[in-house]
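Participant: Mind having a look at this structure? Questions to follow.
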Amino acid sequence: MIDHPALDASLTIRDARDDDAAGLIELIDATFAEYPGCVLDVDGEMPQLRAIASAFAEMNGRFWTAHRDGVLVGCGGLAPAHEGPGIELKHLYVAKSARRMGLGTAFVRLIEDEARRREARFIELWSDTRFLDAHRLYERLGYARLPDTRELHDLSNSVEFHFNKLLT
């Protein structure tokens, strides 16, 4: 269990386990359903959700989940960046019922702390253009939106913004 003093006492964060699969899929599916045309295709696009701890261990990453009353209500992780001495923030999602409680910020801080421990020089992330609340969170926490975007050519026709933060 990870202690984070700014979090509501009903929330706990821990390292993810492979048996978190059902909760992760439910959380991300519900989050995607909030946005028109956004769908979760687990086996085609996010098969790592079926064994998240193993998948992130294989890529030299780390992943955490948040729980309230035994229900998975948030997640986030990191993996080495594709280029350079950095980290990529991955799969940050918070259930609608657990938003505005500091959980998103707690995950970002946890990821930043782990990135510094790994001596990363930057953190980057990609976020769907529809996820405006997430963009506000990242910008509030010092992430700059870069001019490049990428198209995923997925079932949701996703286009993503690129964000970056230099670590000091």
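Participant: Would you check if residue 150 is modelled with pLDDT of 95 or more, in a helix (DSSP H, G or I), loosely packed, with under 13 Cβ neighbours inside 10 Å and of a type outside the set (S, T, N, Q)?
Facilitator: no
Participant: Within the stretch 119-147, count every residue that is within 12 Å of residue 86 (Cβ to Cβ) and surrounded by 15 or more Cβ atoms within 10 Å (Cβ to Cβ).
Facilitator: Number satisfying all stated conditions: 5.
Participant: What's the number of the condition residue 71 fails, among (1) surrounded by 19 or more Cβ atoms within 10 Å (Cβ to Cβ); (2) of a type in the set (Val, Ile, Thr); (3) closer than 21 Å to residue 40 by Cα?
Facilitator: (1)
Participant: Quick check on the stretch 39-53. Is at least one of its residues out of contact with any Leu (no Cβ under 9 Å at 6 or more places or on another chain), part of a loop (DSSP other than H, G, I, E, B) and of a type in the set (A, V, I, L, M, F, W, C)?
Facilitator: Scanning the stretch 39-53 turns up no residue that is out of contact with any Leu (no Cβ under 9 Å at 6 or more places or on another chain), part of a loop (DSSP other than H, G, I, E, B) and of a type in the set (A, V, I, L, M, F, W, C).
Per-residue answers, yes or no, for (1) without any contact (Cβ under 8 Å) to a residue 60 or more places away in the chain; (2) in a helix (DSSP H, G or I); (3) in contact with a strand residue (DSSP E or B) (Cβ under 8 Å, 6 or more places away or on another chain); (4) of a type in the set (Val, Ile, Thr):
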position: 22; (1), (2), (3), (4): yes, yes, no, no
position: 31; (1), (2), (3), (4): no, yes, yes, yes
position: 88; (1), (2), (3), (4): yes, no, yes, no
position: 100; (1), (2), (3), (4): yes, no, no, no
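Participant: Looking only at residues in the stretch 56-91 that are within 14 Å of the chain's Cα centre (by Cα) and basic (Lys, Arg), which one is farthest from residue 26 (Cα to Cα)?
Facilitator: 62
Participant: So is residue 124 part of a helix (DSSP H, G or I), of a type in the set (Asp, Glu) and either modelled with pLDDT of 95 or more or under 20 Å from residue 62 (Cβ atoms) (or both) or not?
Facilitator: No, not satisfied.
The values are calculated or read from the model by the stated rules, or taken from the named source; none is laboratory data. All of these numbers come straight from a predicted model, not from anything done at the bench. Glycine also receives a Cβ, built like all others from the backbone with ideal geometry; neighbour counts cover every protein chain displayed.
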